[in-house]
Amino acid sequence: MAATRHFLTLLDFSPEELDTMIARAIEMKREHRAGADQRRFPGQVLGMIFAKSSTRTRVSFEAGMAQLGGHAMFLSPNDTQLGRGEPIEDSARVISSMVDIVMIRTFGHDVVETFAAHSSVPVINALTDDYHPCQLLADMQTYVEHRGSIAGKVVTWVGDGNNMAQSYINAARQFDFELRIACPEGYEPSAHLLEANRDRVSIVRDPLAAARDANLVVTDVWASMGQEAEQKARETAFSGYQVNGELMSHAASDALYMHCLPAHRGEEISAELMDAADTVIWDEAENRLHAQKALMETLLLANR
Ligand code: CP
Ligand code: NVA
């Protein structure tokens, strides 16, 4: 059998495979809404390891696996041996001998890499400090549904150079768009990642200049999970980096804006935009379900 495939970053799939997965997600959403039976994986088990909180990720993976005919198992470090220091390598070997696919939300990206290296089944990164690739599948699906292909478009990231920003850098490469990142000094994404993608990714300090004629504007919280103690300092550093009506007036007239959620109204995004009748943010959240069902289907079939 071929080597086990994992989804730790968007770079684990080719641009063609990603496009196929987005198309499949759109198709599975249509099937689901039509009430089709999607139980193609009866008896298959998804292990879900969460070292950080989650609403969307947990609900979408658990509901998604049920809709595919399988079962999902929630595992937290608090009540497994993971929280008591059992090596990741040993945990991966044992857990993957009993389930068919694993998703992990944790702090260090090295944890998902180590787990995947010792797992006999596909491993999905459901957010680390460095990347959140599942969210990008949903975001790309949402853009395609509303505006068609994102290739050749301009995307503006406003805010922290965090796991989402870094995932957008990978997306710029894989989905072929220009990415402008508006962040305060000291809050840039990894210098290595910026350098490796300098042909299509740039830092533009002024958020209004960064948003000019953009087709998509994206933001996220100023303090991510694990950075709660920095909340106050970050509020100061990021003042002026809010996505609001004024900023969107500089973007293309049909520009979309997205936020992976949870959002802080009045901080990184205005209440007016969050509560606008025509926002696609709720589609973006729902698409986590459809995109990850397509992802699990792809990985489970690849591992047969
Ligand atoms: N966007 C996202 O991953 O949300 P949760 O933290 O609720 O899973
Ligand atoms: N950047 C945020 C994303 C949450 C889905 C965090 O890591 O907390």
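Out of the residues in segment 240-266 that are within 13 Å of ligand 2 (Cβ to nearest atom) and in a loop (DSSP other than H, G, I, E, B), state the one that is surrounded by the fewest Cβ atoms within 10 Å (Cβ to Cβ). Spell out how you get there, then give the answer.
Initial filter on segment 240-266 (within 13 Å of ligand 2 (Cβ to nearest atom)): 258-264.
Applying the additional criterion that residues be in a loop (DSSP other than H, G, I, E, B) yields 260-264.
On the way: C260: 25, L261: 17, P262: 12, A263: 18, H264: 15.
My answer is P262.
I'd like to know if segment 50-65 contains one or more residues that are of a type in the set (A, V, I, L, M) and in contact with a Pro (Cβ under 7 Å, 6 or more places away or on another chain). Yes - at least one qualifying residue is present in segment 50-65.
Look at segment 264-282: where a residue is over 13 Å from V218 (Cβ atoms) and a partner is among the aromatic types (F, W, Y) and part of a loop (DSSP other than H, G, I, E, B), sitting 6+ places away or on another chain with Cβ atoms under 7 Å, you get E267/W222.
Just checking, does segment 121-133 include any residue being of a type outside the set (V, I, T), more than 14 Å from ligand 2 (Cβ to nearest atom) and assigned to a helix (DSSP H, G or I)? Before you say what the answer is, go through the steps one by one.
At the first step, the residues of segment 121-133 found to be of a type outside the set (V, I, T) are 122, 125-127, 129-133.
Remaining after also requiring more than 14 Å from ligand 2 (Cβ to nearest atom): 122.
Add one more test, that the residue is assigned to a helix (DSSP H, G or I), and what stays is none.
Looking through segment 121-133, none of the residues is of a type outside the set (V, I, T), more than 14 Å from ligand 2 (Cβ to nearest atom) and assigned to a helix (DSSP H, G or I).
Among the conditions (1) within 18 Å of Q166 (Cα to Cα); (2) within 16 Å of ligand 2 (Cβ to nearest atom), Q231 misses just one, which is (1).
Quickly run through segment 30-64 and pick out the residues that are in a helix (DSSP H, G or I) and more than 27 Å from D110 (Cα to Cα).
Initially, segment 30-64 is screened for residues in a helix (DSSP H, G or I), giving 30-33, 56-64.
Hits for segment 30-64 are R30, E31, H32, R33, A63.
Selection of segment 217-239 for residues being within 16 Å of S270 (Cα to Cα) and either crowded, with 20+ Cβ neighbours inside 10 Å or in contact (Cβ under 8 Å) with a residue 40 or more places away in the chain (or both) yields V217, V218, T219, D220, V221, W222, F238. Say we look at segment 273-284 and pick out the residues that are in contact with a helix residue (DSSP H, G or I) (Cβ under 6 Å, 6 or more places away or on another chain) and assigned to a helix (DSSP H, G or I); which of these is nearest to ligand 1 (Cβ to nearest atom)? In this case the residue turns out to be E284. When we screen N170, N162 for residues that are more than 12 Å from ligand 2 (Cβ to nearest atom) and either free of Cβ contacts under 8 Å to residues at least 24 places away in the same chain or among the polar types (S, T, N, Q) (or both), the only hit is N170. Among the conditions (1) more than 29 Å from Q166 (Cα to Cα); (2) surrounded by 13 or more Cβ atoms within 10 Å (Cβ to Cβ), the only one that A92 does not satisfy is (1).
Examine segment 203-216 for a residue that is within 16 Å of ligand 2 (Cβ to nearest atom) and under 25 Å from E267 (Cβ atoms), and state whether such a residue exists. Spell out how you get there, then give the answer.
Going residue by residue through segment 203-216, those that are within 16 Å of ligand 2 (Cβ to nearest atom) are none.
Checking segment 203-216: not a single residue is within 16 Å of ligand 2 (Cβ to nearest atom) and under 25 Å from E267 (Cβ atoms).
Of everything in segment 145-156 that's surrounded by fewer than 18 Cβ atoms within 10 Å (Cβ to Cβ) and in contact (Cβ under 8 Å) with a residue 24 or more places away in the chain, which residue is farthest from R24 (Cα to Cα)? Walk me through it before giving the result.
Taking segment 145-156 as the starting set, the residues that turn out to be surrounded by fewer than 18 Cβ atoms within 10 Å (Cβ to Cβ) are 145-149, 151-152.
Checking which are in contact (Cβ under 8 Å) with a residue 24 or more places away in the chain leaves us with 145-147, 151-152.
Numbers: E145: 12, H146: 16, R147: 17, A151: 18, G152: 22 Å.
That would be G152.
For segment 65-81, does any single residue satisfy the condition of being in contact with a helix residue (DSSP H, G or I) (Cβ under 8 Å, 6 or more places away or on another chain), among the polar types (S, T, N, Q) and assigned to a strand (DSSP E or B)? No; the residues of segment 65-81 include none that is in contact with a helix residue (DSSP H, G or I) (Cβ under 8 Å, 6 or more places away or on another chain), among the polar types (S, T, N, Q) and assigned to a strand (DSSP E or B).
Residues in segment 12-71 that are within 16 Å of ligand 2 (Cβ to nearest atom) and of a type in the set (G, A, S) were compared, and the one that is surrounded by the most Cβ atoms within 10 Å (Cβ to Cβ) is S60.
Coordinate-derived values only; no laboratory data. Keep in mind that this is a model prediction, so the values were computed, not measured. For neighbour counting, all protein chains shown are included, and Cβ atoms are generated from backbone atoms with ideal geometry for every residue, glycine included.
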